[in-house]
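Colleague: Got a structure for you, questions after.
The values are calculated or read from the model by the stated rules, or taken from the named source; none is laboratory data. For clarity, every value in this text was computed on a predicted model and none was experimentally measured. Every residue, glycine among them, receives a Cβ derived from its backbone with ideal geometry; neighbour counts consider all protein chains shown.
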Amino acid sequence: MSVEDFYDFLSGENPAEDAINALACLAAELALSLPNPKDPLMQQIAQLARGWLQQELDPWGDEIRTCVYVLVQHGRIPPKFFRREYDSEFDEWLEALSDIERARDLWHSDFEEDFVDLANIIQLRVLEQRGAIEAYLKLAWESGQYHRYAIMRALQGEVEMAVETARQQFRKLYEWDSFVRALDVLGHTETAIPLAYDALRESQKRRRSDPYDPEADLRASLGEWLAARAAERGKDAIALEAMQISVEDEPTLEKYKRLEQLAGAQWAKLRPKVLRRIREHRDAEEVAAIYIYEGKHADALQILCDRHALTPALARQVADHAPAATRAACLEEANKIILNTRSRDYPLAADWLETGSISI
């Protein structure tokens, strides 16, 4: 597990549990790396995993399950090592690990396959470190890790085979995202650009038909990456469309200015469409910054108020341009505090009144 992977685990709401989950992944990787199942270190890993299961944490966390799965299913530790007399379902699951389909059925979870996928990813990392390329490719294919399979093919110089695999097997944007970035690093940027463009447009089609869009953040990131690569190579139409998609999915003032630059003479026509599409985005502060940049101060204030995102600092940015509306909004915020006789936020109320140029 890389340092970056470790810190990714430490970004949640509970640092203690996140740290344990990260350590569980490290322990699983170490277990798979040890050639001898009887290595004394293996027993220490198992003791550590058993200790996690006894803590007041979610014992069904995918990372901990992955570690137990690796230790048992790969023959490192016998199932009886993890016996829990008060948890018959867990014990039955341990016994079923020789038949992973049965184990999945026994372990009731909304993410019942995640721990198996994670175990396969860790195993692939170990095989790569060992230089066992054929074994890596075999496991990647059999476990459905097609983007990892394709990237490894590309690393071996088999770019055409890698691209063909991608076209036949990829279904999700994250697969294309990692693959085209790998091609770029390997010097195949001209191949990566049209692949990324097609994948981005397909994901955009899914956005328009689904109110819940799990690919939005990734599409924004890929769009920004593609816009930069395409612009460098004079593919202006691709760069413009990619940046527009990125701005609409994750608007920031910096990207908006870049889109304006890419659009050139087309900006007068494109500008109102983009402003309309980003108006309801969840990041009200970023959208408001864009509206302020465009001189639409009243609209910026309305966006912040509608999304309950107005602060005295933001109100000051629009006060001179929309004084009446700003005054009303500040008074409303101040009254919410003042009317609460037990409020400890009277200094904030004073700040609201001062911002709106309202005398106490």
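Colleague: May I ask you to say which residue of N340, N335 is outside any loop (DSSP other than H, G, I, E, B), modelled with pLDDT under 90 and polar (S, T, N, Q)? Steps first, please.
Modeller: Working: N340 fails: outside any loop (DSSP other than H, G, I, E, B).
The unique qualifying residue is N335.
Colleague: Also: Let me confirm something: among Y149, Y174, Y136, which residue is in a helix (DSSP H, G or I), at pLDDT 80 or above, over 27 Å from Q204 (Cβ atoms) and aromatic (F, W, Y)?
Modeller: On the way: Y149 fails: over 27 Å from Q204 (Cβ atoms); Y174 fails: over 27 Å from Q204 (Cβ atoms).
Just a single option satisfies the conditions, and that option is Y136.
Colleague: Among P214, P251, which is the only one that is modelled with pLDDT of 95 or more, out of contact with any Ser or Thr (no Cβ under 7 Å at 6 or more places or on another chain) and either not polar (S, T, N, Q) or not assigned by TED's automatic domain parsing to the domain that holds A196 (or both)?
Modeller: Result: P251 is the single residue among P214, P251 that is modelled with pLDDT of 95 or more, out of contact with any Ser or Thr (no Cβ under 7 Å at 6 or more places or on another chain) and either not polar (S, T, N, Q) or not assigned by TED's automatic domain parsing to the domain that holds A196 (or both).
Colleague: What number of residues in region 241-260 are over 24 Å from the mean Cα position of the chain (by Cα) and hydrophobic (A, V, I, L, M, F, W, C)? Before the answer, list the steps.
Modeller: Filtering region 241-260 down to residues over 24 Å from the mean Cα position of the chain (by Cα) leaves 257, 260.
Next cut, hydrophobic (A, V, I, L, M, F, W, C) only: none.
Of the residues in region 241-260, 0 are over 24 Å from the mean Cα position of the chain (by Cα) and hydrophobic (A, V, I, L, M, F, W, C).
Colleague: Within the bounds of region 136-153, is there any residue that is over 30 Å from C67 (Cα atoms) and of a type in the set (D, E, K, R)? Full working, then the answer.
Modeller: Of all residues in region 136-153, those over 30 Å from C67 (Cα atoms) come to none.
Looking through region 136-153, none of the residues is over 30 Å from C67 (Cα atoms) and of a type in the set (D, E, K, R).
Colleague: Starting from residues that are in contact with an Asp or Glu (Cβ under 7 Å, 6 or more places away or on another chain) and within 19 Å of A119 (Cα to Cα), keep the ones in region 134-190 and report whichever is surrounded by the fewest Cβ atoms within 10 Å (Cβ to Cβ). Walk me through how you get there before you give the answer.
Modeller: Within region 134-190, the first condition is being in contact with an Asp or Glu (Cβ under 7 Å, 6 or more places away or on another chain), and the residues that meet it are 136, 146-147, 173.
Add one more test, that the residue is within 19 Å of A119 (Cα to Cα), and what stays is 136, 146-147.
Numbers: Y136: 22, Y146: 19, H147: 22.
Among those that are in contact with an Asp or Glu (Cβ under 7 Å, 6 or more places away or on another chain) and within 19 Å of A119 (Cα to Cα), it is Y146.
Colleague: Please list, ordered by residue number, the helices (runs of 4 or more DSSP H) wholly in region 55-127 having 2 or more residues that are modelled with pLDDT of 85 or more.
Modeller: Values: elements: 62-73, 88-95, 100-106.
Per the criteria, 62-73.
Colleague: For region 152-171, which positions are of a type outside the set (G, A, S) and part of a loop (DSSP other than H, G, I, E, B)?
Modeller: Within region 152-171, the first condition is being of a type outside the set (G, A, S), and the residues that meet it are 152-153, 155-156, 158-161, 163-165, 167-171.
Scanning region 152-171 gives Q156, E158, F170, R171.
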